[in-house]
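Student: First the structure, which I've put down as C-alpha cells, then a few questions once you've had a look.
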Amino acid sequence: VFFLAVFVDNLSYAFLPQVISELAQKGGDGTVSIALPFTAYYLCFALALIPAGHYGQIIGTRHLVLGGLALIAAGLSLMTSVSSLEMAVVARGLTGLGQGILFIGVQTYILAKSHRDSRTKANGIIVHGFQGGMI
C-alpha cells in the first residue's frame, strides 16, 4: 500500500509542471508562483513528520496509515479538478501532508513489529518502498 501510494502520487509529476504553469498563466501570476504548489507539498510533508510520530504513539499506526491515505486521495482528487493556482497549492499541500503522515505510520509500524536485531533491514524496507515508488 505504501509503495502504491507513493507511486501513484509520483505518476502525476510527468504532467504536473505543465498543469501548474497553465494555472499560473490563466490567473495572471508570475513564474515565481509556479513553485508554490511544489513548495506546499514538501513543506507540508516535512511539517507532518514530527507531529505524526507523536500521534502515532497515542492513536496507533493504523489510524496514521488510513489518515495519510485519505489525505493523499483527497489531494489527488482535488488536483484533478483544480481551476486556480490557489486550489493547486491546497491540493498539493494535502497530498504532502498525507505522504508525511503515511510515511511515519508505515515507519512506526515496521519498526515496532521488527525484531531488535532486524532494525536495519526494516529501515531498508521503508526506504525501498518509498524510493521505489518515486522511481
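The values are calculated or read from the model by the stated rules, or taken from the named source; none is laboratory data. Model, not experiment: these values are computed from the prediction. We place every Cβ from the backbone using ideal geometry, glycine too, and count neighbours over all the protein chains shown. Calculation scope for accessible area: heavy atoms of the full protein, side chains included, ligands and nucleic acids excluded. Shrake-Rupley method; radii C 1.70, N 1.55, O 1.52, S 1.80 Å.
Student: Name every residue in region 115-135 that is closer than 21 Å to Ala5 by Cβ and open to solvent by less than 90 Å² (accessible area, probe 1.4 Å), in order of residue number.
Tutor: Ala122, Asn123, Gly124, Ile126, Val127, Gly129, Phe130, Gln131, Gly132, Gly133, Met134
Student: While we're looking at this one, here's another question. How many residues, within region 77-135, are of a type outside the set (Val, Ile, Thr) and in contact with an Asp or Glu (Cβ under 7 Å, 6 or more places away or on another chain)?
Tutor: 2
Student: Quick one: in region 25-82, of everything that is of a type in the set (D, E, K, R) and open to solvent by 80 Å² or more (accessible area, probe 1.4 Å), which residue is modelled with the lowest pLDDT?
Tutor: Lys26
Student: Select, from Thr95, Thr120, Thr108, the only residue that is touching a residue at least 24 places away in the same chain (Cβ under 8 Å), more than 16 Å from Phe38 (Cβ to Cβ) and part of a helix (DSSP H, G or I).
Tutor: Thr108
Student: Further question: Look through Pro17, Pro37 and report the one residue that is over 21 Å from Gly132 (Cα atoms) and touching a helix residue (DSSP H, G or I) at 6+ places or on another chain (Cβ under 7 Å).
Tutor: After ruling out the rest, the residue left standing is Pro37.
Student: Please verify whether Ala91 is crowded, with 18+ Cβ neighbours inside 10 Å, touching a helix residue (DSSP H, G or I) at 6+ places or on another chain (Cβ under 6 Å), among the hydrophobic types (A, V, I, L, M, F, W, C) and under 28 Å from Val19 (Cβ atoms), treating the condition exactly as stated.
Tutor: yes
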